[in-house]
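Just below is one structure, and these are the notes that go with it.
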Amino acid sequence: MSPPAPVTVAFCPQPPLLVPAVAGAPSDAVSALRAAVTRTVQSMLDEMPEVVVVVGNGAPHVRFGPGDAGDLRGFGVDLEVPFAGRVRPDGRRLPLAHTLGAWLLDQAGHTGVRLGVGPEDVADALADLPARTGVLAMGDGSARRSEKAPGHLDPDAAPFDDAVAAALAAGNAAALAELDPVEGERLLAAGVPVWRGVGTALRGRPVVGHLRYAAAPFGVGYLVAEWRTP
């Protein structure tokens, strides 16, 4: 049996403010976050993946591809984002995570094959792709990191995000796979299903991890990291 194909993962958050048209003139915090995300996506693409799998919440057991599209009109921006190729009239609508993932790939100049999946389908998608694969895993940490955060302050939020950051830095797939989904939901950590899905898919494989960014500038934990498997 041949060994599994190499996988490179770019873990990125999914705030709409990644798109300049949404946030306007960036603060230092936004600029730092955007720079970290840009470098991480580019680093994943530098490995020359034959397919990029965008993983995000919002559409269980649906696979997105050519003809599908999303938009940012709900954030005051009249911007439609094709997932891959031209938009078809009968194409499916993308959730926010896949919309932003496609936008990030466009900004990086990626024109190759893309596949959008939910967290529950990561393992199957990677098993179906024998070629070198890139994964763009979109998800935020806790939205309860400060008094002004969307979910208000919870003292457990920062330690939870810190534990995820440590797992990302260490390339610890098992730790991601074992994140508590109930605690993640309580802390409004939208990235937990995505992190669990990637961790489950890569559990047992050697992973080299690099944490590029970990902060909560607006009361929401944003984590940016890279993983590579041989």
Of the candidates Gly219, Ala32, Val198, the farthest towards the positive dipole end of the chain (Lys/Arg Cβ +1, Asp/Glu Cβ -1, centred on the Cα centre) is Ala32
Keeping all protein chains in place, calculate the accessible area per residue for region 81-230 (probe 1.4 angstrom), answer in Å².
43 Å²
Taking square-rooted eigenvalues a ≥ b ≥ c of the alpha carbon gyration tensor, is region 56-120 rounded, prolate or oblate, where a/c under 1.5 means rounded and, failing that, a/b exceeding b/c means prolate?
rounded
How long are the three semi-axes of the equivalent ellipsoid of the chain, in whole Å, if each is the root of 5 times an eigenvalue of the C-alpha gyration tensor, listed from largest down?
24, 23, 16
Taking 45 Å as R0, compute the FRET efficiency from the Cβ-Cβ separation of Thr38 and Arg186 and round it to 0.05.
0.90
Whole-percent carbon and sulfur share, accessible surface of the chain, 1.4 Å
56 percent
Using square roots of five times the C-alpha gyration tensor eigenvalues, list the equivalent-ellipsoid semi-axes of region 112-157 in whole Å, biggest first.
35, 10, 8
Centre separation in Å (Cα based) which lies between region 172-201 and region 34-50:
22 Å
With 0.36 nm assigned to each residue of separation and the Cα-Cα distance removed, Arg88 to Arg73 gains 3.6 nm
Please figure out what share of the DSSP beta bridges in the chain is antiparallel and state it in percent, rounded to the nearest 5.
45 percent
List every residue whose amide H lies under 5 Å from the amide H of Val54, counting only residues 5 or more places away in sequence or on a different chain, with H placed 1.01 Å from N in the peptide plane.
Leu115, Gly116, Val117, Leu136
Is the shape of region 1-123 best called rounded, prolate or oblate, per the rule: a/c under 1.5 gives rounded, else a/b larger than b/c gives prolate, else oblate, with a ≥ b ≥ c the square roots of the Cα gyration tensor eigenvalues?
oblate
At 7 Å along Cα-to-Cβ for each site, give me the label-to-label distance between Glu47 and Arg205 in nm.
0.8 nm
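The values are calculated or read from the model by the stated rules, or taken from the named source; none is laboratory data. Note that the structure is predicted; figures quoted are calculated from it, not measured. For neighbour counting, all protein chains shown are included, and Cβ atoms are generated from backbone atoms with ideal geometry for every residue, glycine included. Heads up: the accessible areas ignore ligands, DNA and RNA and are worked out on the full protein's heavy atoms, side chains in. Shrake-Rupley method; radii C 1.70, N 1.55, O 1.52, S 1.80 Å.
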